[in-house]
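Enquirer: What follows is a single structure, and I will ask about it in a moment.
What follows draws every value from the coordinates through simple rules; no lab data is involved. Since the structure is predicted, the reported quantities are computational estimates derived from the model, not experimental observations. Heads up, the Cβs are rebuilt from the backbone with ideal geometry, glycines too, and the neighbour counts pull from every protein chain shown.
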Amino acid sequence: MATNIPTLICAKFQSALYLEFDSVSVGSSNTKLFKLQNPHQNRAIVVSVDRVPDKKGFYVTLGDGFSQSIEIEPNGYTFAHVLWCPQFNMAIRESAYLKVDNLPVLQITLHGIAGTGNNDNMVSK
């Protein structure tokens, strides 16, 4: 496993996690791994997916499976994934949001370019 995995601390007022997908071919997919860290020493937290730009082909899963919610033990961590399956040429900068204990506090900024080699119809956001 990679030693430099981006980490998102699950606490208020944290900076957004930035995930760069570079170039992804239309019709294919790319997955980025990141770590969710519980900074609390005396309590577990529940992290859940709040909003994801799924119409742009993004999906977020927490933990080992396809979970949209997971409990993280005190001082614990889990891994999560963002999958991008673009369906048309586009340059993208979108955000996904996670909730901690039902409060929307975590942001993931997603950036990438999808293409088939013909960028005449490039859509940007």
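Enquirer: Kindly list, by first and then second residue, each pair from a residue in region 83-110 that is more than 19 Å from residue 33 (Cα to Cα) to a residue that is of a type in the set (Asp, Glu) and in a strand (DSSP E or B), limited to pairs with Cβ atoms under 6 Å and residues at least 6 apart or on different chains.
Expert: Short answer, once both residue conditions are applied: 104/50.
Enquirer: Would it be correct to say that residue 47 is farther than 14 Å from residue 6 by Cβ and surrounded by 17 or more Cβ atoms within 10 Å (Cβ to Cβ)?
Expert: Yes; evaluated as a whole, the condition is true for this residue.
Enquirer: Anything in region 9-26 that is in contact with a strand residue (DSSP E or B) (Cβ under 6 Å, 6 or more places away or on another chain) and surrounded by 15 or more Cβ atoms within 10 Å (Cβ to Cβ)? List them, or say none.
Expert: 9, 10, 17, 19, 21, 24, 26, listed by residue number.
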